[in-house]
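Read through the structure below, which is laid out as structure tokens, and then see the notes.
The values are calculated or read from the model by the stated rules, or taken from the named source; none is laboratory data. What you see is a predicted model; the values in this text were computed from it and never measured. Side chains included, ligands, DNA and RNA excluded: accessible areas come from the protein's heavy atoms. Shrake-Rupley method; radii C 1.70, N 1.55, O 1.52, S 1.80 Å.
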Amino acid sequence: YSLLNGFSGKKPMCVAMFSTPIFLAKSEPFFSSSILKERYSDGTNPNGDITREQMVTMLYRYAGMPSVSGNLLNGYKDADQVSSWAKDAMTWAVSNGIVKGVTETTLVPGANATRAQGATIMQRYAAL
């Protein structure tokens, strides 16, 4: 076992890992119950793995839930697997290049995100 394995980009990312930069950017107390529950997550499992659709939903809410139009998700054969509460967020994220398919035809919205995917999504969001 190597120390570097502990920092592998292939390891799952949890809610706390992904949301910490959001809270720090807004200078808000980490996991403030009202902030977390109202805008980002239900706050019940901060150390639980985070899915790709949960990540983009957190960023979408952070961005103020901008209006979306069209359905860019139709180009993915697993678009029907996007949860109803995440459809606008995923559409927004795809249209802004924040999230791309795991393959050319799949988004895999319910899959647990890796740390590498989380870092990539954050970097793409920061570049908007």
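A few remarks follow.
- With every protein chain in place, segment 43-91: carbon and sulfur % of accessible area (1.4 Å): 43
- Difference of contour (0.36 nm per residue) and Cα-Cα distance, residue 67 to residue 100: 9.9 nm
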